[in-house]
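Here's the structure we're looking at; comments come further down.
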Amino acid sequence: MRARKLSNEKEQLVTEAKAIQIGVPKESMRDFIKEVMKMPGGEKILECIQCGSCAGGCPTIFAMDYSPMQIIKMINLGMKEKVLSSSTIWVCSLCYTCATRCPRNVDFPTLMMSLRNKAIRENLVNNCAKSNFHRYFFEVINKYGRMHVPELFVKLLDITNFNSLLRNVRLGLRLFKTGKLQLRAPKIETSWVSSMLEKTDQE
């Protein structure tokens, strides 16, 4: 039953890819594959055998519009806009279940990070809230070497929504009183963080 479902998903993707590829130069499709192969995590993208191990073990697949296996197939079909605008690259929790089960050692979680950065650069993100969280999260990490919740919270706060603002302020005060919210950020060495972020953010 599962094998039949995976087969149907592949056929649907191929049909969708053919519709998208009408009028799209083959050079453009190949360029996207080459771009992905140069990204951190995309080095072995062509070695994927579509076995479905990544999709079968993914804990967040229920919230994705395409499975990890489908994303890889879409990359191989040159479906750039579909890949970069999908929710999958943002829903991925980077748990590495797929990477540990992959018989071809495709580093899918690292590839998801690279695709997120590319989607932001090319303005192909459907949900701005997710991309903002991604960007602000790493701004804070890069600044302190670790997470500082209050600063991330302030960056994400919607000051135009009074009810949300009041609710979050009350929550912040409760956390502060119990000692679970530190206002002063403990800073550690950040050079390794900067180096890692530069690598994943490369063109």
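The values are calculated or read from the model by the stated rules, or taken from the named source; none is laboratory data. Computed from a predicted structure; not experimentally measured. Here the Cβ is made from the backbone with ideal geometry for all residues, glycine too, and neighbour counts use every protein chain on show.
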statement: Filtering the range 51-89 down to residues that are aromatic (Phe, Trp, Tyr) and either over 15 Å from the mean Cα position of the chain (by Cα) or at pLDDT below 90 (or both) yields Phe62
field: Residues that are surrounded by fewer than 16 Cβ atoms within 10 Å (Cβ to Cβ) and not hydrophobic (A, V, I, L, M, F, W, C), drawn from the range 117-134
entry: Arg121, Glu122, Asn123, Asn126, Asn127, Asn132
Residues within the range 51-64 that are part of a loop (DSSP other than H, G, I, E, B) and buried (at least 21 other Cβ atoms within 10 Å of the Cβ), tallied: 1
message: Looking at the range 87-110, I want the residues that are farther than 24 Å from Asn126 by Cα and have a partner that is among the basic types (Lys, Arg) and surrounded by fewer than 18 Cβ atoms within 10 Å (Cβ to Cβ) with Cβ atoms under 7 Å, at least 6 apart or on another chain. Which pairs are those?
response: Arg104/Lys44; Asn105/Lys44; Val106/Lys44
query: Does the range 91-116 hold any residues that are farther than 20 Å from Gln50 by Cα and either acidic (Asp, Glu) or surrounded by 21 or more Cβ atoms within 10 Å (Cβ to Cβ) (or both), and which are they?
result: Met113, Ser114, Arg116
- prompt: Before we move on, is Lys34 at pLDDT 55 or above, closer than 25 Å to Ala99 by Cα and among the charged types (D, E, K, R)?
  reply: yes
Residues located in the range 109-126, provided they are of a type in the set (Ser, Thr, Tyr) and farther than 14 Å from Phe32 by Cβ: Thr110
